[in-house]
Amino acid sequence: MRKAILCEYEKCTGCQICELACSIVKEKEINPALSRIHLTRLGPSVMMSIGCQFCEKPSCVDSCPKKAIRVTEKGTIEIDSDRCTLCGWCIQPASCPFGAIATFRSSITVCDACDGKPKCVEYCPTDALHFATRNERAGHIRRDTIRNLLCQPPSAK
C-alpha cells in the first residue's frame, strides 16, 4: 500500500499554509493557485486538503491518450510535458476522483510528495496532514481513540 497525504478534516482550519508551502517549494511563489495540494470546503465550517492519493492502479495513467503520465519507481505520478497535449482527460473525475491533477501555466501538475518529505505535512500548524498509508493512519487513529477513552473520566448516570 502506497503512502499518501491524508487529511483529518476535524483538525483542518482552512489556513492554507499547506497550499502556500507547496507553491513556495514547487513554484518559488506565494500563490495557493499554484499548489499541488488543494483546500476544499466540505461544509460551512468544514475544510479539508486533498492531493494525489498515489493510487495502486491510477486511472489517470490509463486515461492519457498520449501516454504522457506514468508511475515512478517511488509510486508517485510523473507527467512528461513533451508528450502532454493538455487534452484534459487526466483531470476528469473518472480519471482522478480526487481532483489532484491540475493545469497550471500551460502544463499539467500533480503532487510528487516532495520525495517522501511533503512540505505541506511538515508545515501544517494543526497536524491535520499526515504522510502515511491508509493502514498506518488507521492504526494511529485506533491508538488515539483508545488513549482518549482511557483518559476520559467515567460519565455520571
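Worth a mention:
- Criterion: modelled with pLDDT of 95 or more and either surrounded by fewer than 19 Cβ atoms within 10 Å (Cβ to Cβ) or over 19 Å from LEU34 (Cα atoms) (or both) - qualifying residue of PRO65, PRO93: PRO65
- Complete set of residues in segment 1-48 that are surrounded by 14 or more Cβ atoms within 10 Å (Cβ to Cβ), among the hydrophobic types (A, V, I, L, M, F, W, C) and closer than 17 Å to PHE104 by Cβ: CYS18, LEU20, ALA21, CYS22, ILE24, VAL25, LEU34, ILE37, LEU39
- Selection of strands (runs of 3 or more DSSP E) fully inside segment 9-82 by the criterion of at least 2 residues being under 17 Å from the mean Cα position of the chain (by Cα) and without any contact (Cβ under 8 Å) to a residue 60 or more places away in the chain returns 38-43, 46-50, 77-79.
- Qualifying residue in segment 110-128 (condition: assigned to a strand (DSSP E or B) and surrounded by 18 or more Cβ atoms within 10 Å (Cβ to Cβ)): no
The values are calculated or read from the model by the stated rules, or taken from the named source; none is laboratory data. What you are looking at is a predicted structure, and each value in this text was computed from that prediction instead of being measured. Glycine also receives a Cβ, built like all others from the backbone with ideal geometry; neighbour counts cover every protein chain displayed.
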